[in-house]
Each structure stands twice: as C-alpha cells, then as structure tokens.
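Peer 1: Below is a structure I'd like to ask you about.
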Amino acid sequence: MTRAQLDKKPDEVAAMFDRTARRYDLVNDVVSLGQVRLWRKAVADAVDAGPGELVLDLGAGTGTSTVAFTTLGARAIASDFSLGMLRTGVRRHGGNGLTGGGLPFVAGDALRLPFADDAFDAVTISVALRNVHDTGRALREMLRVTRPGGRLVILEFSHVAFGAFDLVYREYLMRLLPKVAKVFGSNDDSYEYLAESIRDWPDQPTLARAIQDAGWERVAWRNLSMGIVAMHRGFKPA
C-alpha cells in the first residue's frame, strides 16, 4: 500500500512502520531539518514530569522521545503498536526483553490501552495520533488511563499559519519528502503515507474541539515552527 488513507487498518500501519524502524529516527531528523529535536524538548517541557510521576508516551516508536520525560526524576513507559519499532528501541537503549536500559517498552493499541484506569500522571503522543483509526476513541482511552487532574500533551503535524509558505511546505511534503527518505535507505512508502496523512489531518481548532469532546478540559494549543506542528494540551477533570 503506497497511498495514505486515514481509515487504513492498524495492522497495515504497524507493518509499514516495522519496515522503516531501523532508519526512522535518522530520516525524521533529516526531513524535519533538525526541528524534531526542538519539538521533543517543547513536549518534555509541557509535560513537566517531576519525581514520583508516571508518564505514558504513546506512539513512542524507538523511545527516543520517552527518555526526555525522565530527566526530572519521573518514570516513563514507551508504548507503540509497531513491534519493529519497539524491538529497535530496546536494542538502542542497551536492553533486552521488554526493557531497554531501564526504560520499559510496552506493545499497545491506542484504542485498547493495556493499562489500568487512572494509572498515569501524564499521557503524551507525538506525531502519531494521525495513525490511529479512531481519533475520538483514542482520546477517550487516554483520558481513562490518566489520573484525575492529570494532563495530556499532543504534538501533531498541523496547518501552517502563513498561506504563501503553506504552498511551499505542501509541495515539499508531496514531492520531496518520500524521495529524501528513499535516499537515506528508508521505506519511502511510509513517508508517502506521512505526507498524505499530514495533508488530510484537521487544523488546530478542529483537533482542540475533538479533545474537548473526548472529555478533556482547559484545552489549549500553540504552534511550533510556524504551525508545521502544533502542541495541544488538556487536563482530566479532577
């Protein structure tokens, strides 16, 4: 499958990311022109997890983003539905089995999270919500596993705030991004999917409404990199 559809089956999306796992972090760094590192830091700052807190990082892939949540003494779990990504993450973090260097890796579907109610102080998902078959259901599952008063932080590709630049950006996405991925030896089909799923994804206010409809409160967002990505935050009612 080389054309992106937001309703594609989860096992097809997982298999696609399994194939690109080995080069995924490298290609992301290249195609984002290094911006992905700044985005990860912004998310970690927004989550602001402290000692004694437990963070769930959904769509964590190889766990590159998950480590940032532990710098202030919190614990974090990396969860993804791509087993290839999780295996790569465990190896890169110097671990074996389901733990990489002390970081737990858990296979999980965002629509049926394998965690208890009210288990986490914060739940976050970065550039992976687009890959979920049912956005509303996923947001409700995240609400279920978050403790009352806990927080949600979502980083997702969004809509550029400046019309002229938006045209240039979308041309880059559709024409160049898959070609760049192929040069670096990644699975260019997955980056064609990435480009099309970004193009079809709703804008910032629409996602904010979906988060509110799922039961989160005090929902707000801010743009990063001129709106190439947006960071949404919400809180579970106490």
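Peer 1: Which order do peptides 37-48, 73-84, 198-209, 58-69 fall in by mean Cβ count within 10 Å, highest first?
Peer 2: Values: 37-48: 17.0, 73-84: 21.6, 198-209: 15.4, 58-69: 24.7.
Result, highest mean Cβ count within 10 Å first: 58-69, 73-84, 37-48, 198-209.
Peer 1: Still on this structure, I have one more. Compute the convex hull volume of the Cα atoms of region 117-158, divide it by the residue count, and report the result per residue in Å³ as a whole number.
Peer 2: 66 Å³
Read-outs throughout are calculated quantities, based only on the coordinates presented, and are distinct from any laboratory measurement. Because the structure is a prediction, the values reported are computed rather than measured. All Cβ positions, even for glycine, are placed from backbone atoms using ideal geometry, and neighbour counts span all protein chains on display.
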